[in-house]
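Visitor: Quick one: this structure, given as structure tokens, is what I'll be asking you about.
The values are calculated or read from the model by the stated rules, or taken from the named source; none is laboratory data. If you're wondering where the values come from, they're calculated on a predicted model, not measured in any experiment. So basically every Cβ, Gly included, is an ideal-geometry build from the backbone, and we count neighbours across all protein chains shown.
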Amino acid sequence: MTITETMLVPNFEDEAETGRKIAIICSKGNLDMAYPGLILANAALGEGVETHLFFTFWGFDMITKSRMHDLKFTPVGNTATHMPMGITPFPGVTGMATHQLKKSIADLGVPEVPEFLEQIVGAGGHLWACRLSADMNHLTDADLYEGVEGIISASDFIEKTAGAQLLFI
Amino acid sequence: MPVTTINNREIHVNDEGFLTEYDEWDEDLAKVLAQNIGIDLTDEHWKVIRFLRDDFKTQGETPTTRRVQTAGGVPTKEQFELFPKKPAKKMAYIAGLPKPHGCV
């Protein structure tokens with residue numbers, strides 16, 4: 001046991017001082033792949049890291065009002081589910097797998113995608129939508145979750161993330 | 001396990017400085033801990049600190065940011081305002097509890 005003369009105080013300022021920044025690109029639309037980005041963004045925000053989430057391609061579904069409440073998980077082609085692949089395309093299997101995944105996630109106290117995005121925005125996270133994906137799907141700001149700050153192009157993204165750590169999901 | 005001196009009392013802490021003995025904490029100590037990290041405790045802060053203490057007692061672990069919002073009734077945004085940059089860790093430190101381990 002060591003006795004310290006001065007008070008041992010945790011250092012809480014590292015991240016704020018170093019100006020650490022992280023950008024997470026969410027390119028997937030399946031329910032399982034929506035979570036890694038959200039959980040890491042939430043963790044980064046909790047450590048005081050400036051965090052940006054960029055939604056592109058299938059990930060656009062995560063921030064599209066008409067789809068974000070309905071993301072699905074399918075075992076088709078996903079051998080990590082340890083199911084015989086031949087039965088995965090049967091009617092009802094995707095629905096069941098989605099239901100089970102949602103339950104497992106809820107049992108851990110992890111919120112669903114819309115609520116999670118709300119928590120991330122509340123914690124200071126920035127949400128950006130990909131211009132190209134918006135154009136391809138003929139979507140505008142009105143179709144997107146209100147927490148999204150704007151629809152930006154690839155060059156805008158590169159500018160915004162100068163010096164940032166990048167994560168592609 | 002290091003022992004540090006706060007308020008002329010010997011307090012057990014871990015290598016980072018977080019308290020390790022639940023019962024060594026009291027509200028006077030909290031004020032000193034808050035001062036150490038530059039926070040002035042208002043009623044709003046106390047509401048959160050007391051929730052953390054009670055919840056730790058019943059759940060056996062420090063509540064996460066999300067639990068402080070859903071069970072404690074303090075929105076995430078407010079937590080970031082009261083305890084800037086690293087709310088979960090700061091709240092736990094002032095409340096004399098370990099850092100939360102949950103992911104959300």
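Visitor: With the condition kept exactly as written, say whether any residue in region B:91-101 is facing chain A (nearest Cβ under 8 Å) and within 24 Å of A:A44 (Cβ to Cβ). Show your work before the answer.
Guide: Quick first cut of region B:91-101, residues facing chain A (nearest Cβ under 8 Å) only: B:93.
Add one more test, that the residue is within 24 Å of A:A44 (Cβ to Cβ), and what stays is B:93.
Yes, there is a match, as at least one residue in region B:91-101 is facing chain A (nearest Cβ under 8 Å) and within 24 Å of A:A44 (Cβ to Cβ).
Visitor: Being part of a loop (DSSP other than H, G, I, E, B) and farther than 26 Å from B:K85 by Cβ is the filter; apply it to region A:48-65 and report the residue that is nearest to the other protein chains (Cβ to nearest Cβ). Step through it out loud before you land on a result.
Guide: Here is the first cut: in region A:48-65, the ones part of a loop (DSSP other than H, G, I, E, B) are A:48-49, A:56, A:65.
Filter once more, so that each one left must be farther than 26 Å from B:K85 by Cβ: A:56, A:65.
Working: A:T56: 24, A:K65: 21 Å.
Among those that are part of a loop (DSSP other than H, G, I, E, B) and farther than 26 Å from B:K85 by Cβ, it is A:K65.
Visitor: Given the criteria assigned to a helix (DSSP H, G or I) and either within 24 Å of B:T64 (Cβ to Cβ) or of a type in the set (G, A, S) (or both), does A:L71 qualify?
Guide: Working: assigned to a helix (DSSP H, G or I): no; either within 24 Å of B:T64 (Cβ to Cβ) or of a type in the set (G, A, S) (or both): yes.
When the stated conditions are applied, A:L71 does not pass them.
Visitor: Provide a single number: the residues in region B:65-78 that are buried (at least 19 other Cβ atoms within 10 Å of the Cβ), more than 12 Å from A:E47 (Cα to Cα) and within 8 Å of another protein chain (Cβ to nearest Cβ).
Guide: Result for region B:65-78: 4.
Visitor: Right, another one. Residue check, B:P84 against (1) free of Cβ contacts under 8 Å to residues at least 24 places away in the same chain; (2) more than 14 Å from the chain's Cα centre (by Cα), all met but one. Which one?
Guide: The single condition B:P84 does not satisfy is (2).
Visitor: If only one of B:T58, B:T62 is at negative phi and in contact with a Phe, Trp or Tyr (Cβ under 6 Å, 6 or more places away or on another chain), which one is it?
Guide: On the way: B:T58 fails: in contact with a Phe, Trp or Tyr (Cβ under 6 Å, 6 or more places away or on another chain).
Of B:T58, B:T62, the one residue that is at negative phi and in contact with a Phe, Trp or Tyr (Cβ under 6 Å, 6 or more places away or on another chain) is B:T62.
Visitor: Another question about this same structure. Please verify whether region A:52-61 includes one or more residues that are under 20 Å from A:L108 (Cβ atoms) and touching a Leu at 6+ places or on another chain (Cβ under 9 Å).
Guide: Initially, region A:52-61 is screened for residues under 20 Å from A:L108 (Cβ atoms), giving none.
Taking every residue of region A:52-61 in turn, none turns out to be under 20 Å from A:L108 (Cβ atoms) and touching a Leu at 6+ places or on another chain (Cβ under 9 Å).
Visitor: Across region B:1-13, which residue is surrounded by the fewest Cβ atoms within 10 Å (Cβ to Cβ) among those that are more than 9 Å from chain A (Cβ to nearest Cβ) and assigned to a loop (DSSP other than H, G, I, E, B)?
Guide: B:N8
Visitor: Kindly establish whether A:P114 is over 20 Å from the mean Cα position of the chain (by Cα) and away from chain B (no Cβ under 11 Å).
Guide: Numbers: over 20 Å from the mean Cα position of the chain (by Cα): no; away from chain B (no Cβ under 11 Å): yes.
Criteria not met by A:P114.
Visitor: Among the numbered criteria (1) modelled with pLDDT of 95 or more; (2) assigned to a loop (DSSP other than H, G, I, E, B), which single criterion is violated by A:M33?
Guide: Here A:M33 meets the rest and fails (2).
Visitor: So, one more: Free of Cβ contacts under 8 Å to residues at least 40 places away in the same chain, surrounded by 15 or more Cβ atoms within 10 Å (Cβ to Cβ) and more than 14 Å from chain A (Cβ to nearest Cβ): which single residue out of B:F56, B:F51 fits that description? Break it down stepwise before answering.
Guide: On the way: B:F56 fails: free of Cβ contacts under 8 Å to residues at least 40 places away in the same chain.
It is B:F51.
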